[in-house]
1. Pick out the one residue from Leu76, Leu153 that is surrounded by fewer than 24 Cβ atoms within 10 Å (Cβ to Cβ) and in contact with a helix residue (DSSP H, G or I) (Cβ under 7 Å, 6 or more places away or on another chain).
2. Has the stretch 185-208 got at least one residue that is under 15 Å from the mean Cα position of the chain (by Cα), under 30 Å from Gly48 (Cβ atoms) and crowded, with 16+ Cβ neighbours inside 10 Å?
3. What are the residues in the stretch 192-215 that are of a type in the set (Lys, Arg) and closer than 29 Å to Tyr18 by Cα, if any?
4. Condition test on Gly147, is it small (Gly, Ala, Ser) and touching a residue at least 24 places away in the same chain (Cβ under 8 Å)?
5. State whether the residues of the stretch 207-214 include one that is assigned to a strand (DSSP E or B) and touching a helix residue (DSSP H, G or I) at 6+ places or on another chain (Cβ under 9 Å).
6. Please work out which one of (1) without any contact (Cβ under 8 Å) to a residue 60 or more places away in the chain; (2) of a type in the set (Phe, Trp, Tyr); (3) under 22 Å from Thr28 (Cα atoms) is the condition Phe161 fails and give its number.
7. So which of Ile26, Ile52, Ile66 ends up being assigned to a helix (DSSP H, G or I), among the β-branched types (Val, Ile, Thr) and modelled with pLDDT under 80?
Amino acid sequence: MLVRVSAYLGGMESASSYFILAIDYIGTFVFALSGAAAAQNKKLDLFGGGVIALVTSLGGGTLRDILIGNTPVGWLKHPWYLPIIAAGMLTAFFFRQATTRWHRTIFLFDTIGIGLFTILGYELARQQGLSWPICMVLGTISAVFGGVLRDVLSAEIPLIFRQEIYATACLAGAGTYTLLLQTAIPRDAAMLICVAATFFIRLAAIKWHWVMPRI
């Protein structure tokens, strides 16, 4: 994911942009941890765990940047992502039993993270002058594609292709943001509402077992 959030969000130096930057780092850490945990479940070695942690954290943002021509991609230009990913991976490996107990906490941060990365991808695409449907798609890609790579490398059916409400929650959050941009609500507030909408839709889907219909 991209580090200098204020640069991507039209140069904003607001409190919410710094809040998003903090959650961006936390989300990167948690996604790295989840990737390493998936590697543990498959009994991979430290190198394999590092690869899966890396693609889980950076896969969505990398694909998005390539699609819109923003190269070199963000994590190649900023120094903090690799140490954060390494910290997440090592946490998973050295505190395996603890991370198992943290499952609910990790899930909550993951859910916040997909909301955040949805809005990051959406805003970056919007600044490129792309249409709102494309912005929604790129926001969703930013949020979920790393998880797709994690599941594929772990020989699992990717989560977004199962019945769980996951990518759909990202699309709903992006759709909410699209509508809010047509109102007088400040952009900072609209961004936070998008994150909250994605979070609560995902949380409600887990709590009440909402699923997509099978083919």
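The values are calculated or read from the model by the stated rules, or taken from the named source; none is laboratory data. Bear in mind the structure is a predicted one, so any value in this text is a computation, not a measurement. Note that each Cβ is placed from the backbone with ideal geometry, even for glycine, and that neighbours are counted across all protein chains shown.
1. Result of the check over Leu76, Leu153: Leu153.
2. Checked against the condition, which is being under 15 Å from the mean Cα position of the chain (by Cα), under 30 Å from Gly48 (Cβ atoms) and crowded, with 16+ Cβ neighbours inside 10 Å, the stretch 185-208 yields at least one hit.
3. Of all residues in the stretch 192-215, those of a type in the set (Lys, Arg) come to 202, 207, 214.
Arg202 - this is the single residue of the stretch 192-215 that is of a type in the set (Lys, Arg) and closer than 29 Å to Tyr18 by Cα.
4. Taking the combined requirement at face value, the residue satisfies it.
5. Within the stretch 207-214, one or more residues are assigned to a strand (DSSP E or B) and touching a helix residue (DSSP H, G or I) at 6+ places or on another chain (Cβ under 9 Å).
6. So the condition that Phe161 fails would be (3).
7. Numbers: Ile52 fails: modelled with pLDDT under 80; Ile66 fails: modelled with pLDDT under 80.
The conditions single out Ile26.
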